[in-house]
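The values are calculated or read from the model by the stated rules, or taken from the named source; none is laboratory data. Fair warning: this is a prediction, and the values are worked out from it, not measured in the lab. Here the Cβ is made from the backbone with ideal geometry for all residues, glycine too, and neighbour counts use every protein chain on show.
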Amino acid sequence: MASDSPLINADCLAERLGHPKLRVFDCRFSLTNPALGASKYREGHIPGACHADLDRDLSDLSIAHRGRHPLPDRETFVRWLESRGVSDDTTLVAYDDAGGAIAARLWWMAGWAGVADARVLDGGLGAWTGAGRALETAVPADAPGTITRKAPGRLVGSIDDALAIAGGDTSLVLLDARDGARYRGEKEPLDPVAGHVPKALNAPFTDNLDAAGRFLPAAALRERFLDLAGSREPSAVLHMCGSGVTACHNLLAMEVAGLDGSRLFPGSWSEWVDDRSRPVATGKDN
């Protein structure tokens, strides 16, 4: 499936369904009702799709002090992908019903694990059903896959990078994908402290989408992120959110825009406030 874009549209996916080198993953999930995604999956999903649960499959909740959704051990995650039939030559497609907010996490992690061809369904499940395409309830059997062990295909930042930015290091920029109200500290429904990392810039992931929930054109996304990054290269851009999930949406948008090489701060705000001695900013100013 040759394409330079990490997105795939519903028509292209429909044409490829049933191909032995395609694996589709349903990533629907609710942060306030963690069982809801699996329930929706059982009610109906794109034919052949496996379920990928944010808490169980895309995180390791046993890891302490690394935020609400710590990245699992990379080898453990690679083995999980292999158990779902993912190999070096697989095209992996992730979708959700939230504009790609959760699917982008699997997309990012697949690249981190070494999968060369990972995509997100543009418009998600709504784009599929909106075109009158059917869902099914059958759960596909596990199938063996083989992924060659190699260096991570995506880059991970750390709390030390965030601390450097908060301390005034202007060679890096930290983009916070949460909505403006959470960034400004006006509300905080999930974490114990409201606000943002000092010097971080607000870059809500929802601003990557049009009114129909599809990604903006690459040129518009490129303009957006070049404005946020200033003169810095993509490698100097660090992405965060509440727990390292929706931050992946901004990483995806940058790759759609041809700005590859930025980094994820996996622990994000939930890791930052785990230590109450770390500084917190509120309001519009960073």
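Select, from ARG182, ARG178, the only residue that is crowded, with 17+ Cβ neighbours inside 10 Å, in a helix (DSSP H, G or I), under 19 Å from the mean Cα position of the chain (by Cα) and in the same structural domain as SER262 (by TED's automatic domain parsing).
ARG182
Which one is surrounded by the fewest Cβ atoms within 10 Å (Cβ to Cβ) among residues in region 185-224 that are among the small types (Gly, Ala, Ser) and free of Cβ contacts under 8 Å to residues at least 40 places away in the same chain?
ALA211
Looking for whichever is small (Gly, Ala, Ser), touching a His at 6+ places or on another chain (Cβ under 9 Å) and either within 29 Å of CYS12 (Cα to Cα) or part of a helix (DSSP H, G or I) (or both) here; the options are GLY48, GLY100. Which one fits?
GLY100
Condition first: in a loop (DSSP other than H, G, I, E, B) and in contact with a helix residue (DSSP H, G or I) (Cβ under 7 Å, 6 or more places away or on another chain). Now tell me which residues in region 69-97 satisfy that.
Those that are in a loop (DSSP other than H, G, I, E, B) and in contact with a helix residue (DSSP H, G or I) (Cβ under 7 Å, 6 or more places away or on another chain): ASP96, ASP97.
Out of (1) in contact with a strand residue (DSSP E or B) (Cβ under 7 Å, 6 or more places away or on another chain); (2) closer than 19 Å to ASP53 by Cα; (3) in contact (Cβ under 8 Å) with a residue 60 or more places away in the chain, the odd one out for GLU82 is which?
For GLU82, the failing item is (1).
Scan region 262-285 and report the pairs whose first residue is on the phi < 0 side of the Ramachandran plot and whose second residue is among the polar types (S, T, N, Q) and surrounded by 14 or more Cβ atoms within 10 Å (Cβ to Cβ), with Cβ atoms within less than 6 Å and a gap of 6+ or a chain change.
Listed pairs, sorted by first residue: SER270/SER243.
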